[in-house]
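The structure under discussion appears below in the form of structure tokens.
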Amino acid sequence: MKIPPFDYHIPHSTNEAVAMLDSLGEDAKLIAGGQSLIPMLALRMSRFSDLIDLGSVGSLRGVSIETGRVTVGAMTTQSAVERDPAIRAALPLLSNAVGLIGHFQIRSRGTIGGSLAHAEPAAELPAVACAVGAEFCIVGPTGERRVAAADFFQSTWTTALDHADVLTAVEFPIWGSGSAITEIARRHGDFAIAGACCCVDVRDEKVSAASVYLFGVSSTPWRCREAEVAMTGCPVADLDLTELGRAAVVELEPFADLHASSGYRSRAAAALVERAIGDAIKGADVE
């Protein structure tokens, strides 16, 4: 199926891209790899009069690792993050999450910023961003601003980005002595039917802090507050993983679609939380 006609624009700086978006109006759309946008255009799920390709804005690529955080430029490809040994050492949750995205062909073109700005409910990166408390660096007509991950994702394919905003980078804090991400899908490379990610700090054989999020079950990443509260302060030896999985979905009412019923997603989510917490605890560097 062919995509609808559009005018194609190539900015060479972030400010130029912002100016184009501002002048062209809401019928203009950024393309940051196109692994989600192009299929949506081909299926007539979206239509735009102008596409603005960020591929020539070199300042949006790259990774920097400083004390306590990993900063990833929005146009950095997923495969570059997946293969970066420094990221894997500093923030393995991010590397492991990227490795679950589609197939290697998708990851070689898809970008970190493109995936996050697309805000697909079944995507791994939004849940990871929320789990670690990431911040989104945004440039718009009025200047620069930062948005916390918890405020960035608003609904399916909807974020805090205004129509003339450009996501420039994402800062992922490094925390947690252990982390894990797991999901189920119909086939390898398919969107997740449900998934869970977890970060834990283990000190003196107790869980001193925990962050647990689900994806693929709600329009935005779902925080498992009950599981977090139940874990925090608990000796590792006393953790009841099955009960934590149940606690995680007490208030969850997953959507249903042709891939899974709401009840199935709820049961799967509980099992995935159990697995993610267990793997995170198992891999934790105990202090």
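The values are calculated or read from the model by the stated rules, or taken from the named source; none is laboratory data. The shown structure was predicted, so the numbers you read here are calculated from the model rather than taken from an experiment. Backbone-built Cβ (ideal geometry, glycine too); neighbour counts: all protein chains shown.
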One residue from 119, 127 being surrounded by 19 or more Cβ atoms within 10 Å (Cβ to Cβ), closer than 19 Å to residue 75 by Cβ and among the small types (Gly, Ala, Ser): 119
Residue identified as in a helix (DSSP H, G or I), exposed (fewer than 14 other Cβ atoms within 10 Å of the Cβ) and not assigned by TED's automatic domain parsing to the domain that holds residue 92 among 251, 243, 226: 243
Close pairs from the range 237-260: first modelled with pLDDT of 95 or more, partner surrounded by fewer than 13 Cβ atoms within 10 Å (Cβ to Cβ) and in a loop (DSSP other than H, G, I, E, B), Cβ under 8 Å, at least 6 apart: 237/205
Single condition residue 18 does not satisfy, out of (1) touching a residue at least 12 places away in the same chain (Cβ under 8 Å); (2) among the hydrophobic types (A, V, I, L, M, F, W, C); (3) within 16 Å of residue 115 (Cα to Cα): (3)
Subset of the range 12-64 (residues that are in a loop (DSSP other than H, G, I, E, B), under 21 Å from the mean Cα position of the chain (by Cα), over 11 Å from residue 166 (Cα atoms) and of a type outside the set (Lys, Arg)): 33, 34, 35, 36, 62
The lone exception for residue 273 - which of (1) at pLDDT below 95; (2) within 20 Å of the chain's Cα centre (by Cα) it fails: (1)
Cβ pairs under 8 Å, 6+ apart, first in the range 44-59 and closer than 15 Å to residue 21 by Cβ, second aromatic (Phe, Trp, Tyr) and in a strand (DSSP E or B): 50/8; 51/8; 53/8
Answer residue from the range 159-175, given it is of a type outside the set (A, V, I, L, M) and touching a residue at least 40 places away in the same chain (Cβ under 8 Å) and is nearest to residue 28 (Cα to Cα) among those: 163
Residues (within 16 Å of residue 223 (Cβ to Cβ) and outside any helix (DSSP H, G or I)) located in the range 151-172: 153, 154, 155
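Would you point out which residue out of 164, 169 is of a type in the set (A, V, I, L, M, F, W, C) and either more than 16 Å from residue 60 (Cβ to Cβ) or touching a helix residue (DSSP H, G or I) at 6+ places or on another chain (Cβ under 7 Å) (or both)?
Values: 169 fails: either more than 16 Å from residue 60 (Cβ to Cβ) or touching a helix residue (DSSP H, G or I) at 6+ places or on another chain (Cβ under 7 Å) (or both).
None of the other options fit; the residue is 164.
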Residues located in the range 32-68, provided they are of a type in the set (S, T, N, Q) and crowded, with 19+ Cβ neighbours inside 10 Å: 35, 36
Pairs, first basic (Lys, Arg) in the range 118-136, second crowded, with 24+ Cβ neighbours inside 10 Å, C-beta under 6 Å, six or more apart: none
Residue ID - modelled with the lowest pLDDT, chosen from residues in the range 159-216 that are more than 13 Å from residue 275 (Cα to Cα) and of a type in the set (Ser, Thr, Tyr): 177
Only listed residue being within 17 Å of the chain's Cα centre (by Cα), closer than 26 Å to residue 20 by Cα and surrounded by 19 or more Cβ atoms within 10 Å (Cβ to Cβ), chosen from 147, 170: 170
Matching option when the condition is among the aromatic types (Phe, Trp, Tyr) and in contact with a Pro (Cβ under 7 Å, 6 or more places away or on another chain), among 215, 255, 191: 215
